[in-house]
Amino acid sequence: IDLEQYPTGPHIASRMLYTAENSFGDVSDKVVADFGCGCGTLGLAAGLLGAQHVIGLDIDDQSLEIASINADDLELDMNFVQCDIKNFRWRDQIVDNVIMNPPFGTRKKGADMDFLSVALKVASQAVYSLHKTTTRDHVKRTALRDYNASSAEILCELRFDVPCLYKFHKRKEVDIAVDLWRFVPQNSQVKRL
Amino acid sequence: MRLLTHNMLSSNIKGVANGFPLRIEVEKVVEKQVDFNADFLKNMFAKIEWKALVDASRSMGYSELPGDANPSMLDSDDFLQKFHHALLELHLEEGALVCPETGRKFPVNKGIPNMLLHEDEV
């Protein structure tokens, strides 16, 4: 519950990846990282669309185990790393693009922004991320001002079905409006974590 | 875990100045065939830390990569095939990644390295 793990539905995953590939060519033949990969949905979708090398990162054992099984089932080779995004260190910008469905920050405030901050340091080309529509202005302002994004574009608005998974969900099923963002980092020689 | 991934990972322990590259302790290596993509390899060449890749592949039992490499070698199909094999087809399935400064071991199980830090390392 603390980690706020909601699976990325297949319709959201396919929307994200198809847009990334068809509108921007950001998937096939690329090195793609899936931050907070959970069961691997986004990363595997990237693999299916021709990403050359996909790495999924998550903090949770069980999710990674499921993700491995999913990868095997699809006969896709996806590398996984168990780590805490916030203190994880990468070398330079080998990763082309980051795709992610970060924890929204309702339980632990600002979690999605932490993910975005790291993603913009790691990706050399683009970051695709989902954030709640209600936080739209905050996301744009922070990305451009604090996280070194040279651009922050909303590609579309999606509805995320969150079924009543946890006790603290008061209503039976909640539809959350989320924005699919594409951020472009400012490329800098002196970018180190 | 492919060596392409290894080439991106660094020790994240507090106080470590340069945690790259991590040394590899091998218990089990698996080879998985991947389709050859010359363009991808040529793009990656500029971003890869060559020495780290060579050392890593040797610790995995593959010694075909030349110790030094320069872009002109990308014209050779033979070189590209070896580069391809080392970068994408060798997998560390079981073993550990070792921090070059502290010697701390990050275990690798079923191909997944566990880079979670203990409380005193953050």
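Since every read-out is calculated from the coordinates, none of them should be taken as a lab result. What you see is a predicted model, and the numbers here were worked out from it, not measured in a lab. Every residue, glycine among them, receives a Cβ derived from its backbone with ideal geometry; neighbour counts consider all protein chains shown.
Quick notes on this structure:
- Cross-link pairs A:K140/B:K47; B:K51/B:K82; A:K140/B:K14; B:K28/B:K82 - those with Cα-Cα distance over 25 Å: A:K140/B:K47; A:K140/B:K14
- Of the chymotrypsin sites (Phe, Trp or Tyr not before Pro) found in region A:22-110, no site is in coil according to DSSP while having at most 14 other Cβ atoms within 10 Å of its Cβ.
- Cβ crowding within 10 Å, taken as a proxy for footprinting-reagent exposure, orders A:T41, A:T135 from fewest neighbours to most as A:T135, A:T41.
- Applied to region B:30-47, the Karplus parametrisation 6.51 cos²θ - 1.76 cosθ + 1.60 on θ = phi - 60° returns per-residue 3J(HN,Hα) values of 10, 10, 10, 6, 10, 4, 6, 9, 5, 4, 4, 4, 5, 5, 5, 3, 5, 9 Hz, with x for Gly and Pro.
- Three principal axis extents of region A:35-110 based on alpha-carbon atoms, in descending order, are 36, 29, 18 Å.
- Comparing B:Y62, B:F45, B:V30 along the charge dipole axis of region B:21-67, the residue lying farthest to the positive side is B:F45, per the Cβ-charge model.
- GNM top mover of B:P100, B:P21, B:P71 - chain B, alpha-carbon springs below 10 Å: B:P71
- Relative contact order for chain B: 37 percent, from Cα pairs under 8 Å spaced at least 6 residues apart, divided by residue count.
- Region A:1-145 shape via C-alpha gyration tensor axes, a/c threshold 1.5: rounded
- Note that region A:141-151 has calculated 3J(HN,Hα) couplings of 4, 5, 4, 6, 7, 9, 9, 6, 8, 8, 8 Hz, one per residue in order, obtained from phi through the Karplus relation 6.51 cos²θ - 1.76 cosθ + 1.60 (θ = phi - 60°); glycine and proline are x.
- Sparse packing (at most 15 other Cβ atoms within 10 Å of the Cβ) combined with a DSSP loop state is found for the following chymotrypsin sites (Phe, Trp or Tyr not before Pro) in region B:15-87: B:F36.
- Pair-distance profile P(r), taking every C-alpha pair of the protein assembly as shown, with 20 angstrom steps and integer %: 33, 58, 9, 0
- Built amide H within the under 5 Å cut-off of B:F20, gap 5+: B:S11
- For region B:2-10, the Karplus equation 6.51 cos²θ - 1.76 cosθ + 1.60, evaluated at θ = phi - 60°, returns couplings of 6, 6, 4, 5, 4, 5, 9, 8, 9 Hz by residue, with Gly and Pro reported as x.
- Considering only the protein assembly as shown, percent of DSSP beta bridges that pair antiparallel, nearest 5: 65
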